[in-house]
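Presented below is the structure to which this report refers.
The values are calculated or read from the model by the stated rules, or taken from the named source; none is laboratory data. This one's a predicted model, so the numbers in the text were calculated from it and none came from an experiment. Using ideal geometry, Cβ is built from the backbone for each residue, glycine included, and neighbour counts are taken over all protein chains shown. In case anyone asks, the SASA skips ligands and DNA or RNA and just uses the protein heavy atoms, side chains included. Shrake-Rupley method; radii C 1.70, N 1.55, O 1.52, S 1.80 Å.
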Amino acid sequence: AVCWRQLVMCGGNGTEGEYCTPDCLKPVPKAQAVAGDLVVEEFPITFEGYTYKYGRIAYIMGRRPSPVILVHHNFAGLKQFDVDQACFMARIGYVGVAVDLYQEKPNFTYHDRGASSGRLVDFESYCQEVRKDNLLNLPDGGNYPTEMLRAYFDGTPKKDGKVDYQAVRNFVGAFTEMNRLLRGLGSWRGLMQANLEQAFNHPAVKSGCAGAFGYCLGGQSCLEHVRAGHPVQAVCSLHGLLHSRPLTDEEPLNSHKRMSREEYAAKLAVPNSYNRNCKVLIENGDLDDEVPADTIVDFVQEMDAQEIDWRFDNHARGPHGFALGKGVPGCQYVEHIDRRSTITMLSLFAETWPDFEQHPVKCNASGTSFELPRPRPGGGGRPRSLAGALGFLAGAVLSITAIKLLRASL
């Protein structure tokens, strides 16, 4: 039986404390908003007979039409954190769209996406809950053999001998939806295209100007924009996987057991029509075991074959989930890596749309501050800036060298 120890996948599924929206990212109700206020509107998308109703669009009232940045959620699905990151993009100077790619189910609701802890149960209660929810969506409903549930219970992390059932519900529901998405590549791409088209029709958006960024699965979504030829000019993956192969039928809750390249190509892949004019930025943690070395080499070869402008930043000792703040499912937050990767991403957007000013914002949705320290008295700022520039240059050179070494060794 497959155990649920994989609750630690995607950075760890359960952090102490709850996620809270930073004050600087809280919107004003549209009916009360005046020029300069942050506004968030509902952004539902109906696609292939289903309405994805939790999407949101964020913009600054009275600002001229601006490029739209799609924010793609991680494995847990769209949640408040992603909406707040869309607000962060709006504050910066763009229009943010928090994209909803998951379908709501009775055993995996919108609430479950952001709630990764909170219900400790013993084995008897655990069995009752799993059967009531039909958590694995078995065709015979709640007919779960007790011995199977015992194996799952014993294989799940515990506190005082009890399992956090909300963490299990969040994890299993999220993985089920993620795998559905990965196994329907054409629909996945089509849904993202529908979000782009609807965004281009919004009066706050400069039609035709678009970018995207995302976390974990969201990084995969960004790369699928590129492979599908969507009209995006810049994308950034934050601790995202570099391929889109789903989990195996034998171990559908084990993120390290993926469909092979050959099986994926034969059964699920659809033709690519690459957007060769899109700039691609990868912000990766060097200790991210969801991004093994062979997939980095595959990515570089794929992008080079299409002559796509790509950059790969590898952050020392960075884990999967480094950009997800406190209380966000998958959180393994590392403040300085989140700051560096966000600044690099904003630099990419500034390069892509130089006519659109970027505005100072106190922090992003993870709470990472972007207020620069004041220079020391006595003019010490210039040498530190030069040292910083040389440090980043050295880091870029090392990243390129590392990739070349990977190519040579694989």
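Multiplying the residue separation of residue 207 and residue 53 by 0.36 nm and removing their Cα-Cα distance gives an extension gain of 53.2 nm.
Put a plus charge on the Cβ of each Lys and Arg, a minus charge on the Cβ of each Asp and Glu, and nothing anywhere else: the dipole of the chain about its Cα centre is then about 920 debye. Run down the lysines and flag those whose C-alpha is under 30 Å from the C-alpha of residue 362, throwing out any fewer than 8 positions away in its chain. The reachable lysines, counting only those whose Cα sits under 30 Å from residue 362, are 26, 30, 53, 79, 206, 279, 326. Rounded to the nearest 10 degrees, the angle from helix 165-182 to the longest Cα principal axis of the chain is 70 degrees.
Between 99, 265, 109, the Cα set farthest toward the positive side of the dipole of the chain (charges on each charged residue's Cβ, about the Cα centre) is that of 99.
Averaging Cα coordinates gives a centre for region 201-251 and one for region 95-151; these two points are 27 Å apart. Here is the list for region 333-364: GluC sites (Glu not before Pro) lying in DSSP coil, each with at most 16 other C-beta atoms within 10 angstrom of its C-beta, are 357.
Which value, in Å², gives the accessible area per residue of the chain when a 1.4 Å probe is used on the protein heavy atoms?
Numbers: 18170 Å² over 410 residues.
Per residue, the chain has an accessible area of 44 Å².
With a 10 Å cut-off between alpha carbons and a GNM built on the chain, which of 282, 60, 296 moves the most? Between 282, 60, 296, it is 296 that shows the largest mean-square fluctuation. The accessible surface of region 6-162, taken with every protein chain in place and a 1.4 Å probe, is 50 percent carbon and sulfur. The label point for residue 63 and the one for residue 369, both projected 7 Å from the Cα toward the Cβ, are 2.3 nm apart.
Calculated [222 nm] ellipticity per residue, helices only, for the chain: -12000 deg cm²/dmol; basis is -39500 (n - 2.57) per DSSP H run with n ≥ 4, divided by all residues, nearest 500.
Taking 21, 368, 146 as the candidate residues, the one with maximal mean-square fluctuation in a Gaussian network model of the chain, Cα springs under 10 Å, is 146.
Counting only protein heavy atoms and a probe of 1.4 Å, the accessible surface of region 186-230 is 47% carbon and sulfur.
Taking the chain as a Gaussian network of alpha-carbon nodes connected by springs under 10 Å, the highest mean-square fluctuation of the residues 186, 325, 93 belongs to 186. What is the gain in length, in nm to one decimal, between residue 286 and residue 35 on full extension, counting 0.36 nm per residue of separation less the C-alpha to C-alpha distance? In short, 86.0 nm is gained.
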